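Inspection log for the structure reproduced underneath, given as structure tokens.
Derivation of every value follows stated rules applied to the coordinates shown; laboratory data play no part. Values in this document were obtained by computation on a predicted structure and should not be read as measured data. Cβ coordinates were reconstructed from backbone atoms using ideal geometry, including for glycine residues, and neighbour counts include every protein chain displayed.
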Amino acid sequence: MSSYAESGRAPRTLTEREQRLLLKVTGEHRAGFRDHVLYAMALGTGLREHELVGLDMGDVFDANGKARRRIVLRVFKGSDRSIGGQDVLVPEGLRAKLNKLLAWKVRGGESVENDAPLFVSRLGQRLSLRQVRHGFRVWQERAGFERRATFHMLRHTACSNLYAQTKDIRLTQRFARHRSLVPTMVYTHPSDDDLARAVEGLRF
């Protein structure tokens with residue numbers, strides 16, 4: 001069980017402004033498109049960092065070279081001891097980014113074979129967790145973050161965003177792929193953005 005669920009504290013998430021800045025700076029930087037899609041996938045699917053780097057091209061793209069609407073995960077939390085699989089739905093806007101990533105990879109001479117990694121390093125190897133975390137620190141600085149965020153905060157942000165949009169804890173549980181509802185309950189806590197909007201509405 002997560003420490004947040006045990007403590008009852010709200011998980012640390014990116015603010016709406018930080019999300020916009022992160023996607024803006026990576027989307028506009030010539031060398032940032034791979035990471036732009038990586039962060040968009042984390043925010044759009046709630047996938048953990050090791051689940052993201054474990055994706056192969058064939059997991060994400062169909063035989064016609066189009067991004068799948070549903071990704072069946074081979075690598076996920078507990079996959080080494082799980083009999084069944086897990087899957088995630090891919091929003092339409094994220095599928096459009098993935099299709100652009102495929103074209104970008106082809107132009108750059110990267111392999112797009114089914115067993116090739118989706119996210120690769122400059123040396124053409126599967127992106128490592130260390131590289132993911134280092135890159136995230138670099139982009140935070142370029143985006144002008146006023147605090148240090150961890151990559152896992154993207155998953156917490158995705159789950160919190162979904163709950164804020166739907167107010168449906170069961171949908172959020174399914175999105176987060178939690179077996180129990182208990183760890184999902186942390187996403188019902190109001191965010192700093194929620195508090196700011198409420199305060200702005202005060203009459204005095």
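Could you list which residues have their amide H under 5 Å from that of F61, counting only those 5 or more apart in sequence or on another chain, with H placed in the peptide plane?
Counting only residues 5 or more places away or on other chains, the set is R68.
So which lysines can K66 reach, going by Cα to Cα under 16 Å and dropping same-chain residues fewer than 8 places off?
By straight Cα distance, K66 reaches K97, K100, K105.
Once you sort the root eigenvalues of the Cα gyration tensor of segment 1-147 as a ≥ b ≥ c, which label holds: rounded (a/c under 1.5), prolate (a/b larger than b/c) or oblate (the other case)?
Oblate is the answer for segment 1-147, as a/c is 1.5 or above yet b/c matches or exceeds a/b.
Grab the other residues whose beta carbon is less than 14 angstrom from that of H134, score K and R as +1, D and E as -1, and report the net.
Result for the neighbourhood of H134: +4.
Assuming R0 = 22 Å, can you tell me the calculated FRET efficiency for the pair A164 and R70, based on Cβ-Cβ distance, to the nearest 0.05?
My answer for the efficiency is 0.40.
Give the order of E110, E16 when sorted by the count of other beta carbons within 10 angstrom, beginning with the fewest. Walk me through the intermediate numbers first.
On the way: E110 18, E16 14.
Ascending Cβ contact count within 10 Å gives the list E16, E110.
In what order do S191, S121 fall by count of nearby beta-carbon atoms within 10 Å, going from fewest to most?
By the 10 Å Cβ count, ascending: S121, S191.
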